[in-house]
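S.K.: Got a structure for you, questions after.
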Amino acid sequence: MRTNQIVKYSLFVSCYLFWVASGLMISVGMYAKLCNETSIVDSLVADPAFILIAVGILMFAITFIGCMGALRDIHVLLKIFAGVMALVLILQFVAAILGFMFSGMVLEKVTSVMSKAITRYRDDLDLQNFIDYLQKKFQCCGVNTYRDWSLNIYFYCVENNPSLESCGVPYSCCIKEKGQNVINTMCGYETQNLMQWDAGDRIYVEGCLNKIVSWGRGNLLLLGGVAMGLIVLEILVICLAVVMIYDINFIMERRKSTVPVTSVRRKQNEEPCRDREFVRELECREVENIEEYMRELVCVEEEFPKELECMEIQRREEEYVRELHFMRTVD
């Protein structure tokens, strides 16, 4: 008997896809960690590159266990895989609940991270490109307002700032004019000195944080659908692992109840025979010992009179020799 091949290879393919994705996550995280000289977060736990590497390694290990368990029909590995996946699913629900409960704290943390990203805008080319992409995508500027760019030393709006970009904003904050094909990288110069209604004609004045939050609320169904899709896929993988564990256990029980019966019966029939043979062997040895003892005893009984006669003859000879010696001494 074999396990259900559809369940087996469905589980293997699912684990393999997640396994490949985890390898890509590790590669991206390591690339980001090695290429970035500075980080926009203070703690290692909140570092996106470190999070990618840690989650990728965890996924890599879990999915590798699932692949091996599904491919080789090892129920122990499948039990470990199903248990860990169930734990991950529970942690996801807990994280979602905590995120909703402490949404204010999450926004404060995001604001802090985005402010540090603005501060290090010119220090990291990848970070610079990412911020420019966000500001172009969401048509925003800064964290809460366009004046947040004063956090950066190059855009810091003071009179004694020697930078040419002082009191300005990056070109990604600029409103693109119709028919403009060439990017004007100086369109954001001196815009921090303008009032909001005047600067609104040249740049986006609304912060990116509010835009991202509004986008998330507007696409809540899409984000929820993606999250539910991942959860359903995880539940499906867990169910496949449980079904395969049941099949393997069922096959093992069938093998125990069918194939080993003849061997068990043989053992049951052979054990009394072995016991009887052992008893017979002991009895034979005991009989042989008794017979040998009796033979020795008979031999002793037969030889004892002869020994007595020999001893008597030897005694008489000794007496005769002593008498003869005495007579010689007397003469």
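S.K.: Work out how much length residue 185 to residue 161 would gain on full extension: take 0.36 nm times their residue separation and subtract the Cα-Cα distance, in nm to one decimal. Walk me through the numbers on the way to the answer.
M.R.: Working: separation 24, 0.36 × 24 = 8.64 nm, distance 1.95 nm.
Between residue 185 and residue 161, full extension yields 6.7 nm more.
S.K.: Report the paramagnetic label zone for residue 35: residues of segment 92-124 whose backbone N is under 13 Å from a point 7 Å from Cα along the Cα-to-Cβ axis.
M.R.: 124, by backbone N distance to the label point.
S.K.: Something else about it: For an R0 of 51 angstrom, estimate the FRET efficiency from the Cβ-Cβ distance between residue 137 and residue 6 and round to the nearest 0.05.
M.R.: Working: r = 42 Å, r/R0 = 0.83.
Once rounded, the FRET efficiency stands at 0.75.
S.K.: Further question: Please arrange 255, 217 by accessible surface area, largest first, computed with a 1.4 Å probe and ligands excluded. Numbers along the way, then the final one.
M.R.: Details: 255 135, 217 180 Å².
Of 255, 217, the descending order of accessible area is 217, 255.
S.K.: If you rank 201, 123, 247 by how much accessible surface each has, with a 1.4 Å probe, what is the order from largest down? Let's see the in-between values first.
M.R.: Working: 201 120, 123 90, 247 35 Å².
Solvent-accessible surface, decreasing: 201, 123, 247.
S.K.: Would you mind computing, in nm to one decimal, how far apart the modelled labels at residue 153 and residue 103 are, each placed 7 Å from Cα along Cα→Cβ?
M.R.: Each label point lies 7 Å from its Cα, and together they span 3.9 nm.
S.K.: How big is segment 78-206 on each of its three principal axes, counting only the C-alpha atoms and giving the largest first in Å?
M.R.: Result for segment 78-206: principal-axis Cα extents of 64, 34, 29 Å.
S.K.: Can you pull the accessible area of residue 106 for me, 1.4 Å probe, Å² to the nearest 10?
M.R.: 70
S.K.: Excluding ligands, DNA and RNA, what is the solvent-accessible area per residue of segment 1-154 at a probe of 1.4 Å, expressed in Å²? Write out the running numbers ahead of the final one.
M.R.: Working: 9230 Å² over 154 residues.
So segment 1-154 comes to 60 Å² accessible per residue, rounded to a whole number.
S.K.: Over segment 1-140, calculate the relative contact order: mean separation of alpha carbon pairs under 8 Å at least 6 apart, over the residue count, as a percent. Kindly include the intermediate steps, with their values, before the conclusion.
M.R.: Working: 103 pairs, mean separation 34.8, N = 140.
Rounded, it is 25 percent for segment 1-140.
S.K.: Roll a 1.4 Å probe over the protein heavy atoms and report the accessible area of residue 182 in Å², nearest 10.
M.R.: The accessible area comes out at roughly 120 Å².
S.K.: Give the residues of segment 113-143 whose amide nitrogen is closer than 20 Å to a point set 7 Å from the Cα of residue 217 in the direction of its Cβ.
M.R.: 138-143
The values are calculated or read from the model by the stated rules, or taken from the named source; none is laboratory data. Please read all numbers here as calculations on a predicted model, not as lab measurements. Virtual Cβ from ideal backbone geometry, glycine too; neighbours counted across all protein chains shown. Surface accessibility is based on the protein's heavy atoms, side chains included, excluding ligands, DNA and RNA. Shrake-Rupley method; radii C 1.70, N 1.55, O 1.52, S 1.80 Å.
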